[in-house]
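Student: I'd like to ask you about the structure that follows.
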Amino acid sequence: MFSAFSSIDYRSIRANTPAETAVKRLNGIGEVLSDIDISAIHTQDDMTRALWTLDTADKCIRMILAEFRTLPAKEQVVRKAESLVDLIELARDEISNYRDDGRVLS
């Protein structure tokens, strides 16, 4: 599992406002990403699947930001989204290191 996502507290947020709803959606994306096990990447297909998941999550985050960008409390949404995007970039870098180190088989 990619450990950067494991610290997300999914149960502490209850959605009462649109911004909280957006953060809850972002937390759901983080939960999906926390299931990525980079150490289990052994083949090109494994790497492709992990990168596809990261790219899809990134697109979903951008859609949530676009949907909630006019909210008065959008700072909370933006902070959460930026945090997830940063973690996605870390995961991409880690996956790239696997490929560069020869740990991924063709």
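Laboratory data are not the source of any read-out in this text; all were calculated from the coordinates shown. The structure presented is a predicted model; accordingly, all values stated were derived computationally and were not measured.
Student: Full extension from GLU31 to ASP93: what is 0.36 nm times the residue separation minus their Cα-Cα distance, to one decimal in nm?
Tutor: On the way: separation 62, 0.36 × 62 = 22.32 nm, distance 1.94 nm.
Difference between extended and current length: 20.4 nm.
Student: Also: Give me the number: length gained by fully extending SER39 to LYS74, i.e. 0.36 nm times residue separation minus the C-alpha to C-alpha distance, one decimal in nm.
Tutor: 9.1 nm
Student: Separate question: Once each part is reduced to its C-alpha centroid, what is the distance from segment 77-98 to segment 39-64 in angstrom?
Tutor: 11
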